[in-house]
Amino acid sequence: MSGWTIARQRGAAATMLVLWLPVILASTALVVNLGNLLLHRARLQSGTDLAALAAVQSVDWDALVEGEVRLLEDIADAKAREYTALNLEALGDIEADAIDVWVINAAPDAPASHPITGTALEHPTVVLRVEAPGPTPLLLGSFGEIVLVAEADASIRPRDCAARGVHGERMWARGRSFPAFREKYQRAPVPPIAGSVRITNG
């Protein structure tokens, strides 16, 4: 093989490299951006879920003694906002742009509408919607800012204590008993109601 042929092949290889290099860089940036975006989205959703779960535990115990399952709206709202900020900071130092909280004291005889999905609610529910900036795209920053949105809701509903072997002297929530409840309200009739928290992602 002559030197002229080798030089021509080298020139062809260099030309192909120059032509394909932007495609390789763009593909790599796309993969990195997508992975980073999914990671931030998962962290945002986790922080929102945990905040909704924390807020829905703001039960009005005085109303519960009377047989009514209700949430303390102001406390639940404050807890949702506080734990959203704390969770996002702990999960990835994410700062929320907007936090929308709805505390809905729905009941089977007084249903309400879900503020996001529009479905019927029959139990006290905390609905949370959080907006936060996404990661800055690698090599694609000129396309504008990415905004991530996470939605979550958590409900608390009565459960038949007799089915769990509870005879009305203790409250149950998250699988743990609260003997102090009986001491606080030992002179009041305690209804057979237990707190059961269910969380669903929006």
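FYI, it's all coordinate maths here, none of it is from the lab. All values reported here derive from a predicted model rather than from experimental measurement. Virtual Cβ from ideal backbone geometry, glycine too; neighbours counted across all protein chains shown.
Data table
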read-out	value
Over the stretch 64-129: Rg over Rh, Cα atoms, Kirkwood Rh	1.06
V32 versus A78: modelled label distance in nm, points set 7 Å from Cα along the beta carbon direction	4.5
Fully extended contour minus Cα-Cα distance, from L17 to S113, at 0.36 nm per residue	28.7 nm
Rg in Å to one decimal, and Dmax rounded to a whole Å, for the stretch 3-153 via C-alpha atoms	25.0, 97
Distant alpha-carbon pairs in the stretch 16-83 (separation over 16 angstrom), percent	66
G134 long-range amide H proximity, modeled H, under 5 Å	I146, V147, L148
